[in-house]
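Data block below; observations after.
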Amino acid sequence: MQLLTDESDRVAGTITSYDIDPKVNNTRTADPTDPTLIERSG
């Protein structure tokens, strides 16, 4: 169990995030082939 905790802590420090267009939240109208859905917003 300690190995899992250690590895989780190590990986968590490498995770990054950025804002994307809010239209990606609407699965009914978002075009899944539109690459702009996951481009950085702003």
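For the reader, a short list of remarks on this structure follows.
- Scanning the chain for residues that are of a type in the set (A, V, I, L, M, F, W, C) and either surrounded by 10 or more Cβ atoms within 10 Å (Cβ to Cβ) or touching a helix residue (DSSP H, G or I) at 6+ places or on another chain (Cβ under 8 Å) (or both) yields Ile20, Val24, Ala30, Leu37, Ile38.
- Selected residue (criterion: modelled with the lowest pLDDT) from residues of the chain that are under 18 Å from the mean Cα position of the chain (by Cα), in a loop (DSSP other than H, G, I, E, B) and among the β-branched types (Val, Ile, Thr): Thr27
- Test: Glu39 is touching a residue at least 12 places away in the same chain (Cβ under 8 Å) and of a type outside the set (Lys, Arg): yes
The values are calculated or read from the model by the stated rules, or taken from the named source; none is laboratory data. Given the structure is predicted, the values throughout are model-derived calculations rather than measurements. Please note: Cβ atoms are built from the backbone with ideal geometry, for glycine as well, and neighbour counts cover all protein chains shown.
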